[in-house]
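Each remark here refers to the structure printed beneath this line.
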Amino acid sequence: MSVLHPQYTYKKNANERQGCFGRPVFVAKNSNEPSSLVVLYLEEVDCEWLNENSFLMTSSEFFSYCITSAADFVFRFAVYLHFRRRGWIVKPGLNYGVDYVVYPDAPNNVHSQFMVIIVPHWNGFHELPMTWRDAVSASRISCAVSKNVLLCGVKNLNGDFQKLTLADLEQCPVQIVCLKQWFARRPFSDKKERKIRSKLKMPCRCLRWAFRIVNWEPSGAEWAHMLRCLQLDDLPRIRRQVFREDIRAAVAGGLMMRKAISVCTGLAWDEIKLIRSSTGKPMLDESIKLDYQFSFNLSHHGDYVILATSSSSICGADVMKIEYPRLQMNLAEYFKMMSPQFADEEYAALNQQRTDSEKLELFYRYWCLKESYLKAIGFGIRCDLSQMHFTFSSLILPVGQFEISTKLVFDETPQNEFTFEECHLDPRHAACVCYKDDSLEAECEQHRGKCIPFQLVTMDFVLQDAVTLNDEEAIPVPGLCKAVPIGALDFSCYLVSR
């Protein structure tokens, strides 16, 4: 049995006022002192209270004491009690300008899903009622931190709280309204309204995103949350990865895809259904019907995961880290081993470069081009790469410059309808995006003949509108938070099917 003094549970001084779970909102003399909300809730776990003279107080006496301590106590406790009795964990929401944030599980393990704003039904409580400006401001904040806003009010309460008892309060139901923000860019869920929206002019859907996975070390709770935001059928593919960087890239890439699709199409996170082709290329499920062309592709290597989307019918992307091969052979031997993957003209151009650095630059440039094209058409590295012959205006692509004049001849047939956007993400990473530019929509004509620069994104941005798609119990998270072998990735792995 715990014995508590009520004068230590609720400070009238706002600078020392505490919220739930004993965490101070501003400054408290003792951070372990619980709030009156928590203490009153402890009645259910056999807790007793002492008054200022150290005499035992009944729960009714303590409830009356709390009511006189703060004008808003009745409303705050009614809402607090509503969530606690349903298994939610309630914490102060001052950081977000709201009353509470609530968690479905321990705050250290899960993301807070909701922000709670208490709207009292007693008109004398607030000098000014809640306005639409207040609601919109809260909604904008909630979007930025991946939460939903709950407006909570207590029914059947009048202004005479002095006669109110705990039993009376339990008969006052809590009304909850979930406040969500609607963006005009996003199609409606209703089929008829979606059809109307499809007739409106859509913005350009060409994105270039890059995410740095190097030194990215999410906590166990963050891993669990991210995995819950992926489709259940993505998880076996992630678990099959052997190397740590591949696991991180698979998770980051899956989340980036869903975010980009949501941004470009207006589909909500949980409306997106992804499947994979026979060659492993991700694509939207056939059940999702778009009234316009849209394609996307992912790639990862080295320090980056990149994503490209396009308003064309097909799109492919590739990134490669420019580094010496990790095999036990010199550069000349390595190039000789890889020579069957290059056209005669390409192999000759490689050997004509003066320094090893220039040879590596050109080698990875060729490889980015080849793989981006094959990923665009959906082949993967499963054909004779020597049939592909790329020609450049210059064999050297300096860091900081873009190139879109590269041409391809495949199986002796010019592929003039394809555009290749080449660039460097940094001095050690080359990237290329391939798309079929004869199918670009009018809104994307501004990009014809230009290269779209990559934008570095953060995981906070990617998860901004994410929602959980899986039951936590169904998601194993083996090995994600412990060291696993870092493999030596080299081009020899492309000589066999992945």
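Can you work out the FRET efficiency for the pair residue 231 and residue 85, with r the C-beta to C-beta distance and R0 = 41 Å, to the nearest 0.05?
0.75
Between the range 220-276 and the range 339-413, how far is it from one alpha carbon centroid to the other, in angstrom?
31
Which listed residue (266, 316, 341) has the Cα farthest towards the positive end of the charge dipole for the range 247-347, taking +1 on Lys and Arg C-beta and -1 on Asp and Glu C-beta about the Cα centre?
266
Hey, which of these cross-link pairs are over 25 Å Cα-Cα: 375/450; 273/375; 289/450; 281/321; 375/407? Please report the intermediate quantities before stating the final value.
Working: 375/450 21 Å; 273/375 20 Å; 289/450 29 Å; 281/321 21 Å; 375/407 17 Å.
Violating the 25 Å Cα-Cα cut-off are 289/450.
So if we plug the beta-carbon distance of residue 171 and residue 145 into 1/(1 + (r/R0)^6) with R0 = 35 Å, what FRET efficiency do we get, rounded to 0.05?
Numbers: r = 35 Å, r/R0 = 0.99.
Efficiency for this residue pair is about 0.50.
Take each of the peptides 358-367, 425-434, 168-177, 261-270, average the number of other beta-carbon atoms within 10 Å over its residues, and list them starting from the highest. It would help to have the intermediate numbers written out before the result.
Values: 358-367: 21.2, 425-434: 23.1, 168-177: 13.6, 261-270: 18.5.
For the peptides 358-367, 425-434, 168-177, 261-270, the packing ranking is 425-434, 358-367, 261-270, 168-177.
Values in this text are rule-based calculations from the coordinates and carry no lab data. These figures come from a predicted structure and were not determined experimentally. Quick reminder, even Gly has a Cβ in these numbers, built from the backbone with ideal geometry, and neighbours come from all protein chains shown.
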